[in-house]
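Heads up, the thing below is written out as structure tokens.
The values are calculated or read from the model by the stated rules, or taken from the named source; none is laboratory data. Since we're looking at a predicted model, the values are computed, not measured. Neighbour counts are summed over all protein chains in view; Cβ atoms, including those assigned to glycine, are modelled from backbone coordinates with ideal geometry. For accessibility, only protein heavy atoms count, side chains too; no ligands or nucleic acids. Shrake-Rupley method; radii C 1.70, N 1.55, O 1.52, S 1.80 Å.
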Amino acid sequence: VQLQASGGGLVQVGGSLRLSCAASGRTFSSYAMGWFRQAPGKAREFVATIRWFGSSPYYSESVKGRFTISRDNAKNTVYLQMSSLKSEDTAVYYCAKGRSGVAGIGEYEYDYWGQGTQVTVSS
């Protein structure tokens with residue numbers, strides 16, 4: 001399985017970005033997918049996750065109401081729509097494949113990771 005994240009960039013506070021993560025492999029639809037992020041000097045943290053069939057998205061408190069995770073199983077792609085961006089959202093964002101159809105906030109629940117895409121929010 002290979003995961004390719006894209007869509008990062010430089011955006012002003014209050015702006016929006018949509019990240020994409022394209023997955024190889026024919027079993028993408030069977031697994032949960034998640035997004036994590038790592039800010040400079042900080043540990044990687046959970047952002048959002050979505051179950052294999054696209055229901056029950058779950059978000060960290062810091063992004064709830066501003067970010068939306070979705071997936072298109074026909075395209076083997078998971079998305080993270082980010083709105084009302086804040087400077088504290090600046091980080092490298094990683095997509096990850098769950099070990100099963102349901103995954104939570106722990107990194108141990110994911111077994112494949114993308115290379116990361118940089119998001120920089122400037123004021």
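Structure values in brief
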quantity: Qualifying residue in segment 50-66 (condition: in contact with a strand residue (DSSP E or B) (Cβ under 7 Å, 6 or more places away or on another chain) and at pLDDT below 95); calculated: yes
quantity: Candidate set from segment 12-29 (those that are open to solvent by less than 20 Å² (accessible area, probe 1.4 Å) and touching a strand residue (DSSP E or B) at 6+ places or on another chain (Cβ under 6 Å)); member that is nearest to THR120 (Cα to Cα); calculated: LEU19
quantity: Members of segment 30-47 that are more than 14 Å from GLY106 (Cβ to Cβ), in contact (Cβ under 8 Å) with a residue 60 or more places away in the chain and open to solvent by 30 Å² or more (accessible area, probe 1.4 Å); calculated: SER30, TYR31, GLN38
quantity: Candidate set: segment 74-123, residues that are without any contact (Cβ under 8 Å) to a residue 60 or more places away in the chain and of a type in the set (S, T, N, Q); chosen: the one nearest to PRO40 (Cα to Cα); calculated: THR90
